[in-house]
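Here, each number is a calculation from the coordinates, and none is a lab measurement. Only a predicted model underlies this, so the values are computations on that prediction, with no experimental measurement involved. In this analysis, Cβ positions are derived from the backbone assuming ideal geometry, glycine residues included, and neighbour counts consider all displayed protein chains.
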């Protein structure tokens, strides 16, 4: 969960600022999203992440079930084949994180380009929802509408989310996968809320300092390296390392 939180936190500064910055600002400028109500947009977005994480964790659970081993077994009792499978999943989760870091640095294309048409149509649909100009009222309907928009926002094709979902798969548990994506979503809240509130305050697009994007890229790749080391440790190629009671890899 910590790795997912760091992936969301660091990745959002380099990736989400460009990918979702416009959506965050435009939705945040809706009249019914004024003040604290803008939080409902982001809570809806994070809720979608949690649901997707639960589904991804369910996939991991199904894989473990197909291998004939329960998800609640102690790690030391896992058969060698299942341990190697978990190591492979960790390495697969490392690849998109490292790729995202390289994309932030401009060395490889952003993965969203693979679904450019779908992403563009999704963005246009979200922009149409920013035209609502009704002021906030005491009714619950605007609040539900904002939360629903956040749910749709969370389904926007995003390479960083895909990387988080691969982390969720490695948990081998629907609840664990949901928790991982909740951590990921919590990591994205700092920048996401800041952009929405900035849009309300200035009506413009926040400018990131030149060093923020490369710094975020390096940190995202470090998360990928951490997952790769976890996979290699599961295979016995490197030793596990702990910091106090927390396993680093």
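With each pseudo-label sitting 7 Å past Cα toward Cβ, what's the residue 162-residue 62 distance in nm, one decimal?
So the two model labels end up 1.9 nm from each other.
If you take the beta carbon distance between residue 152 and residue 121 as r and set R0 to 22 Å, what does 1/(1 + (r/R0)^6) give as a FRET efficiency, to the nearest 0.05?
E(calc), rounded to 0.05, equals 0.95.
Ranked by Cβ crowding within 10 angstrom, fewest neighbours first, how are 238, 161 ordered?
The order, fewest Cβ neighbours first, is 238, 161.
What does the highest-first list of 103-110, 166-173 look like by mean Cβ count within 10 Å?
166-173, 103-110
State, to one decimal in nm, how far the label point of residue 241 lies from the label point of residue 186, with both points 7 Å from Cα in the Cβ direction.
2.4
Mind sorting 242, 42 by how few other Cβ atoms lie within 10 Å of their own Cβ, fewest first?
242, 42
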